[in-house]
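> Handing you a structure now.
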Amino acid sequence: MSGTSEALKPPADAVKPVRHPEAPAPGELLGAHYEHCFGCGEGQPHGLHLQTRVGDGVRVTAEFTVQAAHQGAPGLAHGGVLATALDETLGSLNWLLRVIAVTGRLETDFVRPVPVDTVLHLDAEVVAVHGRKIYSRATGRIGGPDGPVAVRAEALFIEVKVDHFIENGRPAEIRAAMADPDQVKRARAFEVNP
């Protein structure tokens, strides 16, 4: 990215990210972290329904098809929707570290317009970790992994405890997520976004 802010530059003593030994295997499709998430949840009729797959190291890829409901200018994806896709993909990286983290900062470069009915392919990786701070970046390409670059982002995620969600979320939805008998789904419900 051009002009990355100082807040997104890892300090000199940051460490290389280490994939958690219990992280999903490369090639595995990550399910939605929460059914009602606009980015990945199937419970959102106009959501992105982002499909994220685990890569090697601390990397993921994702895809979504830009629908008419996602447009800003006629026939083109809304920039906020593209930023959401980047944020969702970057947030999924935290599952490979097995930490709960929220977006602290997201900087996005919009390189070219993304037409409705286009498949946007996203590739994201964690580049460094410093205490509770997780530094990552992503690129979105039109049509596939070798297509033209449409968007890029760099992000800073901050590791939090589940209390962050309990104290700030809506109680009924928090209780429902906490009561899910599937431990993986329960853990993933609290993994991204403030």
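The values are calculated or read from the model by the stated rules, or taken from the named source; none is laboratory data. In this text the structure is predicted, and so the values were computed from the model without any measurement. Note that we place each Cβ from the backbone using ideal geometry, even for glycine, and neighbour counts take in every protein chain shown. For the accessible areas, the whole protein counts, side chains as well, though only heavy atoms, and no ligand, DNA or RNA atoms are used. Shrake-Rupley method; radii C 1.70, N 1.55, O 1.52, S 1.80 Å.
> Among the residues of segment 39-60, are any open to solvent by 30 Å² or more (accessible area, probe 1.4 Å), in contact with a Gly (Cβ under 9 Å, 6 or more places away or on another chain) and closer than 18 Å to G140 by Cα?
Looking for residues that are open to solvent by 30 Å² or more (accessible area, probe 1.4 Å), in contact with a Gly (Cβ under 9 Å, 6 or more places away or on another chain) and closer than 18 Å to G140 by Cα, one finds at least one in segment 39-60, hence yes.
> Here are some conditions: (1) touching a strand residue (DSSP E or B) at 6+ places or on another chain (Cβ under 6 Å); (2) open to solvent by less than 10 Å² (accessible area, probe 1.4 Å). V129 meets all but one. Which one does it not meet?
It is condition (2) that V129 fails.
> Continuing with the same structure: Report whether or not D146 is among the charged types (D, E, K, R), closer than 17 Å to F64 by Cβ, modelled with pLDDT of 95 or more and not in a strand (DSSP E or B).
Values: among the charged types (D, E, K, R): yes; closer than 17 Å to F64 by Cβ: no; modelled with pLDDT of 95 or more: yes; not in a strand (DSSP E or B): yes.
No.
> Can you tell me which residues in segment 1-32 are open to solvent by less than 70 Å² (accessible area, probe 1.4 Å) and under 29 Å from G43 (Cβ atoms)? Let's see the steps before the verdict.
Pass one, segment 1-32, residues open to solvent by less than 70 Å² (accessible area, probe 1.4 Å): 1, 4-5, 7-8, 10-11, 14, 17, 19-20, 23-25, 27, 30-32.
Those that are open to solvent by less than 70 Å² (accessible area, probe 1.4 Å) and under 29 Å from G43 (Cβ atoms): H20, A23, P24, A25, G27, L30, G31, A32.
> Please specify each residue of segment 6-21 satisfying the condition of being in a loop (DSSP other than H, G, I, E, B) and under 18 Å from E125 (Cα atoms).
Filtering segment 6-21 for residues in a loop (DSSP other than H, G, I, E, B) gives 9-14, 16-21.
The answer is K9, P10, P11, A14, K16, P17, V18, R19, H20, P21.
> Just the residues that are under 18 Å from H49 (Cα atoms), within 15 Å of the chain's Cα centre (by Cα) and without any contact (Cβ under 8 Å) to a residue 60 or more places away in the chain, please, taken from segment 113-137.
L120
> Tally the residues that are in contact (Cβ under 8 Å) with a residue 40 or more places away in the chain and within 13 Å of G39 (Cβ to Cβ), restricting the search to segment 72-98.
The qualifying residues number 11.
> Then there's this: Go through segment 143-161 and count every residue that is open to solvent by 40 Å² or more (accessible area, probe 1.4 Å), in contact with a strand residue (DSSP E or B) (Cβ under 7 Å, 6 or more places away or on another chain), under 24 Å from P115 (Cβ atoms) and of a type outside the set (K, R).
Result for segment 143-161: 3.
> Among the candidates L82, L120, which residue alone is touching a helix residue (DSSP H, G or I) at 6+ places or on another chain (Cβ under 7 Å) and open to solvent by less than 20 Å² (accessible area, probe 1.4 Å)?
Details: L82 fails: touching a helix residue (DSSP H, G or I) at 6+ places or on another chain (Cβ under 7 Å).
Exactly one residue qualifies, and that residue is L120.
> Among what's in segment 60-94 and is within 13 Å of H121 (Cα to Cα) and hydroxyl-bearing (S, T, Y), pick the residue that is nearest to the chain's Cα centre (by Cα).
Selected residue: T89.
> Determine which member of the set F110, F38 is aromatic (F, W, Y) and either touching a strand residue (DSSP E or B) at 6+ places or on another chain (Cβ under 9 Å) or free of Cβ contacts under 8 Å to residues at least 40 places away in the same chain (or both).
Details: F38 fails: either touching a strand residue (DSSP E or B) at 6+ places or on another chain (Cβ under 9 Å) or free of Cβ contacts under 8 Å to residues at least 40 places away in the same chain (or both).
The match here is F110.
> Return a yes/no flag: does segment 106-117 have any residue that is over 26 Å from H46 (Cβ atoms), of a type in the set (A, V, I, L, M) and in contact with a His (Cβ under 9 Å, 6 or more places away or on another chain).
no
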